[in-house]
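A short write-up of the structure that comes next.
The values are calculated or read from the model by the stated rules, or taken from the named source; none is laboratory data. As the structure is a computational prediction, the values presented were derived from the model and not from experiment. Positions of Cβ are backbone-derived with ideal geometry, glycine not excepted, and every protein chain shown enters the neighbour counts. For the accessible areas, the whole protein counts, side chains as well, though only heavy atoms, and no ligand, DNA or RNA atoms are used. Shrake-Rupley method; radii C 1.70, N 1.55, O 1.52, S 1.80 Å.
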Amino acid sequence: MPKAKGKSRRQKYSYNLNRKRLYRSARRRAAPRIACSHIRHAWDPTKSVAQNLAEMGLAEDPNKAVPIPKKKLLGMEVESDGQEQGKKIVRKPYVVNEMEYEASLPEKKSNTLSRDLIDYVRYMIQNHGENYKEMARDEKNYYQDTPKQIKRKINVYKNFYPEEYKDFIASLKQEKMDVQ
């Protein structure tokens, strides 16, 4: 098959390109971005991955870090293949300490309910109390939830905001007392 006409031409040197910027951007793209900020700040680009991780006290290969013990047969001794030659010196222990501290912090609850759902649940409880069949027939039940679906939504609200729910119920009881 014949080649396309313009493809056999030799490459000409482009004087308009900034070679320094091209080289830098290519290196940046080639080197992966380290997600962990502690490791990223302690990373030395002149050293290899194994050397960097060893300096930080991290394992490069998990299989070598926690080896599987070999079972000894009766009467036979297994030779050690130099696994426990000597402990490597950890020059940057602060990396592991910071990572351990960060891991020990309690996880923040980031999931919340929508404002619409909260208002919907509060409206239903305020007008109908615990009567889920009445709630299902209410005109504000736009999505035509069944009584069980409404009950489930109320339970989700109770689990997400237990203190707010208790305060809301207490305020409803207080309103009933004031009316009577």
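Enter the angle in degrees (range 0 to 90, nearest 10) between the Cα long axis of helix 19-30 and the first principal axis of the Cα atoms of the chain, meaning the one along which they spread out most.
The angle comes out near 60 degrees.
On the protein heavy atoms, probe 1.4 angstrom, tell me the percent of accessible surface of the chain carried by carbon and sulfur.
Exposed carbon and sulfur together represent 52 percent of the surface.
For helix 147-160, what angle does its Cα long axis make with the longest principal axis of the chain, in degrees from 0 to 90 and rounded to 10?
The angle comes out at about 60 degrees.
Could you provide, to the nearest whole Å², the per residue accessible area of the chain with probe 1.4 Å?
It amounts to 92 Å² per residue over the chain.
Using the Cα centre as the reference, give the magnitude of the dipole from point charges on the C-beta atoms of the chain (Lys, Arg: +1; Asp, Glu: -1; all else neutral), rounded to the nearest 20 debye.
Computed charge dipole of the chain: roughly 2320 debye.
Compute, for the range 115-175, the length of the dipole vector about the Cα centre, with Cβ point charges of +1 (Lys, Arg) and -1 (Asp, Glu) only. Units Debye, rounded to 20.
280 debye
What is the sum of charges, Lys and Arg at +1 and Asp and Glu at -1, for the other residues whose Cβ falls under 12 Å from the Cβ of PRO45?
+3
In the range 121-145, whose amide N lies under 17 Å from the spot 7 Å out along Cα-to-Cβ of LYS176? List them in ranges.
Under 17 Å, as judged by backbone N against the label point of LYS176, lie 122-135 of the range 121-145.
In degrees from 0 to 90, rounded to the nearest 10, what is the angle of the helix 93-104 Cα long axis to the longest principal axis of the chain?
That works out to roughly 20 degrees.
Report relative contact order for the chain in percent, whole number only (criteria: Cα-Cα under 8 Å, sequence separation at least 6).
15 percent
Given the DSSP H assignment, sum -39500 (n - 2.57) over each helix run of at least 4 residues in the chain and divide by its residue total; what's the result at 222 nm in deg cm²/dmol, nearest 500?
-15500 deg cm²/dmol
Could you tell me which residue out of ASN131, LEU53, LEU22 lies farthest along the dipole of the chain toward its positive end? Charges go on the beta carbon: Lys and Arg +1, Asp and Glu -1, centred on the Cα centre.
Checking the options against the dipole of the chain, the answer is LEU22.
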